[in-house]
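Report on the following structure.
The values are calculated or read from the model by the stated rules, or taken from the named source; none is laboratory data. Keep in mind the model is a prediction, meaning the values are calculated, not measured. Here the Cβ positions follow ideal geometry from the backbone for every residue, glycine too, while neighbour counts run over all protein chains shown.
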Amino acid sequence: MSREHFSSRSTAVLAMAGSAIGLGNIWRFPYMVGENGGAAFILVYLLATLLLSLPIFFSESIIGRATHQGTIGAMKALAPGTAWRHMGLLTVLSPLIILSFYSVVGGWSVEYLLKSLTFDFQGATQEDLGAAFGGFISSTWGPLVCHTVFLSLCALIILAGVKKGIEQFSKYTMPLLFLLIVVIMVYSLSLPGASEGVKYLLKPDFSRLKASSVAAAMGQSFFSLSLGVGTILTYSSYIRTEENLLSSGVGTAAFDLGFALIAGFAVMPAVFAAGIAPGAGPGLLFETLPYIFSKMGMNLPWLSSLVAVLLFVTVLVAALTSAISMFEVGVTFLVEERGVKRSRATGLIFLGTWALGCLCSLSFGPLDGIRLFGKNIFGFCDALTANFLMTFGGLLFTLFVGWKMKKEQVRDEFTCGGQLRFSARIFPAVYFLIRWIAPAVILLIFVTNLLL
Ligand code: PFF
């Protein structure tokens, strides 16, 4: 079958960075740091990225690029007639579960973009802003409409196809994203009281690190790099055979990490300046940033509104580029494995994720009483995917490349048949990480976390 390809390595990196950089960096990273004690968590997170996430990233890209197929096709091609094909199911379901709750948060950013367009934050106190957020997410219709708008935008981009849709979209928006978040960070750092937030991010206090924080750091790193669910595998299947997988992986991880840290420095100083508790949870971003804008608004209302609009456009675009990568996994599956037409596949994925997303959205309001393992439906889907399915998926990908694929094939793919000198030189270390370190450490953290 003839397949589209990303036109160069830099666009492939941009598209993968587009998938990686999203609400995970801007919304989830800061509140995870806040819930797990600050700088010490960041250190564990860095270690997890280097030792666990990168090997999984390489594993997924090796499988995807070697076969130029989505997860199920790839497994069938590399391990025909084995149980590995069931891996496909995990990698189709997980991104769709993530997309459901992700789209709800995407919807919140649609609402906050509208609020900032109408100068809603000006003159409001921290209490007003907190109450407004709580009131909004626990209401019935507003969040549902916003979730529907967000998911419809994803579907439209997906309908445009890989080249015109995803590639073009990422190419123009990712550089803009960086610029915008840096502007917000600079303003946040200039707020009175911001230095406490900087200290919180830079001075590790290991006594604040909970036992579960290690698993949380690993889950956050996988979530942020879109690992363990076949997204990177699927994107890599669109990368040309002569491209360098080492630099695509390292490039994407560096962008992702840089973006998360900048987002941390944009949010946490403002959290301290506003006197909000850093462990306030999923609402942290949406309660903190309007505070920044209300402060800015005191002397420069137009500037405050402009920055607010820019920021929520940023959040929205970052969320969209990630959401379309999850959407694409499901569409690729239906098109390539079930022979469904692309437009129909897009409609089907839309419907399924929309329905589950509605339940997630309502779980802050009318369905709040439904508890699964002590969490509401939204929290359950989040924890199930980040702490369980992605971890398990990542483990399986490293095991597949490290133990099931032939070493020669892995080396060939990673080094382009030995042509890439540097990749060839470091291949033994990378292979060791994939085959031994990553699976062993993931398993250890996983089991320890289950037992705790
Ligand atoms: N990496 C995305 C983020 O940080 O927002 C989230 C994500 C995208 C997770 C795609 C999983 C995925 F397949």
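Some points to look at:
- Within the stretch 223-248, the set of residues being within 14 Å of the ligand (Cβ to nearest atom), in contact with a Ser or Thr (Cβ under 6 Å, 6 or more places away or on another chain) and over 22 Å from GLY73 (Cα atoms) comprises just one member, LEU225.
- Residue identified as at pLDDT 95 or above and part of a helix (DSSP H, G or I) among VAL182, VAL145: VAL145
- None of LEU90, LEU99, LEU50 is under 18 Å from the mean Cα position of the chain (by Cα) and free of Cβ contacts under 8 Å to residues at least 24 places away in the same chain except LEU50.
- Residue ID - surrounded by the most Cβ atoms within 10 Å (Cβ to Cβ), chosen from residues in the stretch 415-452 that are within 17 Å of VAL401 (Cα to Cα), more than 26 Å from the chain's Cα centre (by Cα) and aromatic (Phe, Trp, Tyr): PHE427
Yes or no, residue by residue, for (1) polar (S, T, N, Q); (2) modelled with pLDDT under 95:
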{"position": "LEU320", "(1), (2)": "no, yes"}
{"position": "MET326", "(1), (2)": "no, yes"}
{"position": "LEU334", "(1), (2)": "no, yes"}
{"position": "THR346", "(1), (2)": "yes, no"}
{"position": "ILE349", "(1), (2)": "no, no"}
{"position": "GLY357", "(1), (2)": "no, no"}
{"position": "CYS360", "(1), (2)": "no, no"}
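- Residue that is farthest from the ligand (Cβ to nearest atom) [pool: residues in the stretch 14-45 that are buried (at least 24 other Cβ atoms within 10 Å of the Cβ) and among the β-branched types (Val, Ile, Thr)]: VAL33
- Of all residues in the stretch 337-373 being of a type in the set (Gly, Ala, Ser) and either at positive phi or in a loop (DSSP other than H, G, I, E, B) (or both), the one that is surrounded by the most Cβ atoms within 10 Å (Cβ to Cβ): SER363
- Highlighted here are the helices (runs of 4 or more DSSP H) found entirely within the stretch 187-244 that include at least 2 residues which are surrounded by fewer than 24 Cβ atoms within 10 Å (Cβ to Cβ): 194-202, 211-224.
- Residues in the stretch 67-87 that are at positive phi and either in contact (Cβ under 8 Å) with a residue 12 or more places away in the chain or touching a Pro at 6+ places or on another chain (Cβ under 7 Å) (or both): HIS68 alone.
- Residues of the stretch 47-86 satisfying the condition of being within 16 Å of the ligand (Cβ to nearest atom) and hydrophobic (A, V, I, L, M, F, W, C): ALA48, LEU52, LEU54, ILE56, PHE57, ILE63, ILE72, ALA74
- Elements of the type helices (runs of 4 or more DSSP H) sitting completely within the stretch 374-422 and holding at least 1 residues that are of a type in the set (D, E, K, R) and either touching a Cys at 6+ places or on another chain (Cβ under 7 Å) or under 30 Å from ALA355 (Cα atoms) (or both): these cover 377-383.
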